[in-house]
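J.: Right, I'll just put the structure down here and ask away after.
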Amino acid sequence: MSEAIKTDVLIIGAGPCGLFAVFELGLLDMKTHVVDILDKIGGQCAELYPEKPIYDIPGIPMVTGQGLTEALMEQIKPFNPTFHLNEMIQSVEKIGDPLFRVTTDAGKVFETKVVVIAAGGGSFQPKRPPVPGIEAYEGTSVFYAVRKMEQFRDKELLIVGGGDSALDWTLNLHPLARRITLLHRRDDFRAAPHSVEQMRKLVADGKMDLKIGQVTALEGENGVLKGAQIKGADNAMSAISCDTILPFFGLTMKIGPVAEWGVTLENNLIPVGTETFETNVPGIFAIGDINTYPGKLKLILSGFHEGALMAQKASRYVFPEKRVVFQYTTSSSSLQKKLGVN
Ligand code: FAD
């Protein structure tokens, strides 16, 4: 087990509510680390609707999901949070009063006085293609995410899907892989037109293959893949040689390991009180889409408010001796100093 990273507050989830919590906690002098399973910051806004407009962020008539993420990142810059992406929080264990040991699936360990669960709908998990026996190859020959590109050097890759992930990884892994075949069920792609153009040029130049159809069966043994059976759009069957498959069929949200952290759950949501947004475990808070209370609305603006109130109570755990004085950013020179504007 690696040496524990010590922090005041660990935030689980880098969605909009987790990001704004960094700001509210920072104003009260608390240092934060933020962990997210995804390879990018922004939660649902960045993963599910980066280019869609949002019209109900107070004071901002229109901003896209990605635009809001970027604005929040700019706003929290003065507090310099540390992000740990591509890592899932696996366990949260109480070791003091309050002190928690929090562990990621990559073996990273945190010791933190306060935990803020801002995990939204839970963890995004890849959709598994309906191919019999595919589970036996997962983690050895079938991968739903690219954590390290180097892993795919000299591989004979079959990339399946027609969206941005499938096209981006086709283009990014092309220089490393021995050969890439892109397989999609129709000759029409949802990905950015520029990526589709680049892919078609590689195909025209004979540098990769494009096939239209679906995987129906896998060939190999002991988790080592040798090839796949493909059913074409014309129902004709063919075989393709490959040692690795990367299916990109989109993501679903599942509550994931949150269910094992000792906090009470109600229909996969965490009940909290509306004064502090603390859970049944003192020192563990839940804000944003993951929590529930009478009248809860799953809106970004609700999560922002919850973060502000949560920070007040969190400060009592982190600085038990300190009295929190209510201040406005407009007029408090001490807050302005923290923000680097004074
Ligand atoms: P999320 O954005 O869901 O982020 C949670 C993060 O936690 C994720 O990145 C996830 O990977 C991470 N996570 C979960 N479990 C773990 C774990 N164990 N370890 C590490 N990381 C973990 N809201 C509005 O207010 N206005 C709108 O117009 C609007 N439009 C929307 C349009 C669409 C299409 C969708 C899908 C939602 C929309 N919403 C809108 C809702 C809004 O996006 C959510 O309310 C908001 O994203 C919730 O933020 P959050 O930070 O609580 O969670």
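Just so you know, all these numbers are worked out from the coordinates, no wet-lab data involved. Source: prediction; values computed, not measured. Every residue, glycine among them, receives a Cβ derived from its backbone with ideal geometry; neighbour counts consider all protein chains shown.
J.: How large is log10 I(q)/I(0) at q = 0.15, 0.18 Å⁻¹ when the Debye formula is applied to the Cα atoms of the stretch 121-161, each weighted equally and without solvent?
T.: Scattering profile of the stretch 121-161, log10 relative to I(0): -0.45, -0.63.
J.: Still on this structure, I have one more. Could you sort out which of LYS77/LYS337; LYS108/LYS155; LYS113/LYS254 sit more than 21 Å apart by Cα distance in this structure?
T.: Pairs exceeding 21 Å: LYS108/LYS155; LYS113/LYS254.
J.: Now for a different question. Residue by residue through the stretch 247-259, which ³J(HN,Hα) values in whole Hz follow from phi under the Karplus form 6.51 cos²θ - 1.76 cosθ + 1.60 (θ = phi - 60°), with glycine and proline marked x?
T.: Calculated HN-Hα couplings, in order: x, 10, 10, x, 10, 10, 10, 10, 4, x, x, 3, 4 Hz.
J.: Mean Kyte-Doolittle of at least 0.0 and a Cα length of 15 Å or more along the axis: which whole DSSP H helices of the chain meet both?
T.: The qualifying helices are 16-27, 65-76, 300-318.
J.: Same structure again: Pull out a ≥ b ≥ c, the square roots of the eigenvalues of the alpha-carbon gyration tensor of the stretch 119-188, then state rounded if a/c is under 1.5, prolate if not and a/b is larger than b/c, and oblate in the remaining case.
T.: Verdict is rounded for the stretch 119-188.
J.: Let me ask something additional. With unit charges on the beta carbon (Lys/Arg positive, Asp/Glu negative), name the residue among LEU28, ILE89, ASN268 whose Cα is farthest towards the positive pole of the charge dipole of the chain.
T.: Result: LEU28, furthest along the dipole toward the positive end.
J.: What are the ³J(HN,Hα) couplings of the stretch 331-339, residue after residue, when phi is run through the Karplus curve with 6.51, -1.76, 1.60 and θ = phi - 60°? Round to Hz, x for glycine and proline.
T.: Using θ = phi - 60°, the values come out as 10, 8, 5, 5, 5, 5, 5, 4, 7 Hz.
J.: I would also like to ask the following. Over the stretch 61-152, with a single point scatterer placed on each C-alpha, what log10 of the ratio I(q)/I(0) does the Debye formula yield at q = 0.19, 0.25 1/Å?
T.: Log-scaled intensity ratios, in q order: -1.15, -1.32.
J.: Right, next: Taking amide H atoms as placed 1.01 Å from N in the peptide plane, list the residues 5 or more away in sequence, or in a different chain, whose amide H sits under 5 Å from that of VAL116.
T.: LEU10, ILE11, ILE12, PHE285
J.: Then there is this: Taking amide H positions as placed 1.01 Å from N in the peptide plane, with prolines and chain starts having none, which residues 5 or more places from GLU138, or on another chain, fall under 5 Å of its amide H?
T.: Amide H to amide H, under 5 Å and 5 or more residues apart or across chains, GLU138 pairs with nothing.
J.: Beyond 19 Å, what percent of the Cα pairs of the stretch 173-261 remain?
T.: Every Cα pair in the stretch 173-261 considered, those over 19 Å come to 53 percent.
J.: Over every pair of different alpha-carbon atoms in the stretch 199-251, take the mean of 1/r and invert it; report that Kirkwood radius in Å. Walk me through the intermediate numbers first.
T.: Numbers: mean 1/r = 0.0796 Å⁻¹.
Its Kirkwood hydrodynamic radius stands at 12.6 Å.
J.: Turning to a different aspect of this structure: Taking only Cα atoms of the chain, what ratio of Rg to Rh do you get with Rh as the Kirkwood inverse-distance radius?
T.: Details: Rg = 23.0 Å, Rh = 22.1 Å.
Taking Rh as the inverse mean 1/r over Cα pairs, Rg/Rh reads 1.04.
J.: If you don't mind, there's one more thing I want to ask. Starting from the Kirkwood radius over alpha-carbon pairs of the stretch 205-342, derive D by Stokes-Einstein at 37 °C in a medium of 0.692 mPa s and give it in µm² s⁻¹.
T.: Details: Rh = 20.6 Å.
Using the Kirkwood radius from Cα pairs, D works out to 159 µm²/s.
J.: Based on Cα coordinates alone, diagonalise the gyration tensor for the stretch 30-97, multiply each eigenvalue by 5, take square roots, and list the semi-axes in whole Å, largest first.
T.: Ellipsoid semi-axes (Å, largest first): 27, 15, 11.
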